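Structure record follows, encoded as structure tokens.
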Amino acid sequence: MEIGQKVKVVRLRDRVSASIAGKLGKVGIIEGYKVTDGMGIGVVVKFDDNFSTWFFDDEIKTV
């Protein structure tokens, strides 16, 4: 996955806030990466409403 690519949120691994849970099924654009816990890389996704947050790579898929 590359910066600028469109992705769709397809699942959520953990319990999250309502604002993040509301993004399930939504499409956003990758704007960066985040080191999660030293073992993985998360993907920062920005949505049309200018909300941005990160997801694990198995929680999103390219569209």
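What is the Cα convex hull volume of the chain when expressed per residue in Å³?
Numbers: hull volume 4.9 nm³, N = 63.
Spread over its residues, the Cα hull of the chain gives 78 Å³ apiece.
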Among 46-57, 13-24, how do they line up by average Cβ neighbours within 10 Å per residue, starting with the highest? 46-57, 13-24
Mind listing the long-range amide H neighbours of GLN5? Cut-off is under 5 Å, sequence gap 5 or more, other chains count too, H placed in the peptide plane at 1.01 Å from N. ILE30
Amide H to amide H, which residues 5 or more places from LYS26 or on other chains are under 5 Å from it, using H placed in the peptide plane? VAL9
When Lys and Arg each count +1 and Asp and Glu each count -1, what net charge do the other residues less than 10 Å away from GLY42, Cβ to Cβ, add up to? -2
Enumerate the aspartates and glutamates that LYS6 could reach by cross-link, defined here as Cα to Cα under 15 Å, with residues fewer than 8 away along the same chain left out. GLU31, ASP48, ASP49, ASP57, ASP58, GLU59
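Since every read-out is calculated from the coordinates, none of them should be taken as a lab result. What you see is a predicted model, and the numbers here were worked out from it, not measured in a lab. Every residue, glycine among them, receives a Cβ derived from its backbone with ideal geometry; neighbour counts consider all protein chains shown.
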